[in-house]
């Protein structure tokens, strides 16, 4: 049975929150003046509709944006709904009219036929996962083929983000990778169609709004990959043995099966991986890794003639099932499989691939690091964690990857009764040490009579709390976000 405190947090974290606020927060402690900018987060905030009831999965909820603006030690909070096609329709009809990650709508025969031929009509654009920047434009990002433009200051929705190219895809990687050496963002889209399945890798330069395809990798049964790796010269795809039945997906709207239910775990198969030259688009190496699954890459870089990449990896894809709401809110909802930081080394001369090397015994998910070290060797990784089965994610973790003692190379921040979100690193201006900065996170606290949410600021070196600011209402468990040191200035966001 789930611990009562964990059960209380799960109930609070996965309950609808409709309130929108625009308010100055009281700060307890002292936020250093150099922590200046905005933490902008994205995530679901509504999982139930009057006519169709509750969605099936954490990843089905309708998106809400949250912004914590920090300046001169003060904090201002604003949150707004993302006006997606899905939410607009839900407000009008009271039901789910679009296929979500794990929830399919009830459709008439005509609606099934038209949705089969129109994937945007089938999936909508509930872009609930994170926020990203193309030049001076900000977008809400999910895994649908399209993104929604947002105003990063007032969080208003600008509508569909229109690219100046025509690139058809079925779903898109939600974790785009900025190139720290130029105003460029990398991503890939998947063509999950029968016979002609493939991944299209692309980038967008500055304000061009044009996706430049630089590589195509064929895969008749595409894998579901939530992220990928990019180094200074290469991109790496890890096609886990969670494989799509593309024929089933093609007629999905008619059959009425949710997106993720068209994927099957094949644990007897390897993780088929591809090393792709960013300049030529050539697959310079195809290699197999053990069967595994990961939502998130940490860093990817080149060192000593090798391509090195780190994953927060699981043994299989059971974590997806554990995120179903019936499971999370059931008697064993706190049980979640552990993910470890695993490192792989791919010799660029064609030698045997090395790994996985488990970097730490500490459980880690949603890994983040100092983005100034992106595509370079790095030392510290931050994430959220638990230290015992059944605790869900009730602590933050900092891992020192240079310490070979797996049992002692990590520290936790874990006040009782608190459940943090993804930690985001904010570097101190002029810092030379990699961990000289702050870590910001949004925490759900269930210690009081009513659940409360806080923005918490940690000293990144000591990994101790230095300040917090209470939000005006409970914030559901979200997913990802970005810290914009100067939100409206191009090049400022991490």
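Values for this structure:
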| item | result |
| --- | --- |
| Cβ pairs under 6 Å, 6+ apart, first in segment 56-74 and at positive phi and crowded, with 23+ Cβ neighbours inside 10 Å, second at pLDDT 95 or above and assigned to a helix (DSSP H, G or I) | none |
| Positions within segment 302-322 being crowded, with 21+ Cβ neighbours inside 10 Å and in contact with a helix residue (DSSP H, G or I) (Cβ under 9 Å, 6 or more places away or on another chain), in sequence order | 320 |
| Pairs where the first residue, in segment 227-249, is assigned to a strand (DSSP E or B) and the second is modelled with pLDDT under 95 and buried (at least 21 other Cβ atoms within 10 Å of the Cβ), C-beta under 6 Å, 6+ apart | 244/192 |
| Residue in segment 44-54 that is crowded, with 19+ Cβ neighbours inside 10 Å, closer than 23 Å to residue 130 by Cβ and more than 19 Å from the chain's Cα centre (by Cα) present | no |
| Only one of 327, 272, 264 that is in contact with a strand residue (DSSP E or B) (Cβ under 8 Å, 6 or more places away or on another chain) and free of Cβ contacts under 8 Å to residues at least 24 places away in the same chain | 264 |
| Wholly within segment 372-491, strands (runs of 3 or more DSSP E) carrying at least 3 residues that are in contact (Cβ under 8 Å) with a residue 24 or more places away in the chain, over 21 Å from the mean Cα position of the chain (by Cα) and farther than 30 Å from residue 206 by Cα | 410-413, 464-470 |
| Segment 160-184 residues that are surrounded by fewer than 15 Cβ atoms within 10 Å (Cβ to Cβ), paired with ones that are at pLDDT below 95 (beta carbon under 8 Å, 6 or more apart) | 168/145; 168/191 |
| Checking residue 355 against (1) surrounded by fewer than 19 Cβ atoms within 10 Å (Cβ to Cβ); (2) touching a strand residue (DSSP E or B) at 6+ places or on another chain (Cβ under 9 Å); (3) outside any strand (DSSP E or B), the condition it does not meet | (3) |
| Odd one out for residue 18 among (1) farther than 27 Å from residue 458 by Cα; (2) touching a residue at least 60 places away in the same chain (Cβ under 8 Å); (3) within 24 Å of the chain's Cα centre (by Cα); (4) surrounded by fewer than 22 Cβ atoms within 10 Å (Cβ to Cβ) | (2) |
| Members of segment 1-58 that are in a helix (DSSP H, G or I) and either at pLDDT below 95 or touching a helix residue (DSSP H, G or I) at 6+ places or on another chain (Cβ under 8 Å) (or both) | 4, 10, 58 |
| For residue 104: the one exception among (1) under 20 Å from residue 476 (Cα atoms); (2) at pLDDT below 95 | (1) |
| Test: residue 344 is buried (at least 21 other Cβ atoms within 10 Å of the Cβ), under 18 Å from the mean Cα position of the chain (by Cα) and farther than 18 Å from residue 219 by Cα | no |
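The values are calculated or read from the model by the stated rules, or taken from the named source; none is laboratory data. Everything numeric here is computed off the predicted structure, so don't read it as measured data. Reconstructed Cβ throughout: ideal geometry from the backbone, glycine too, with neighbour counts over all protein chains shown.
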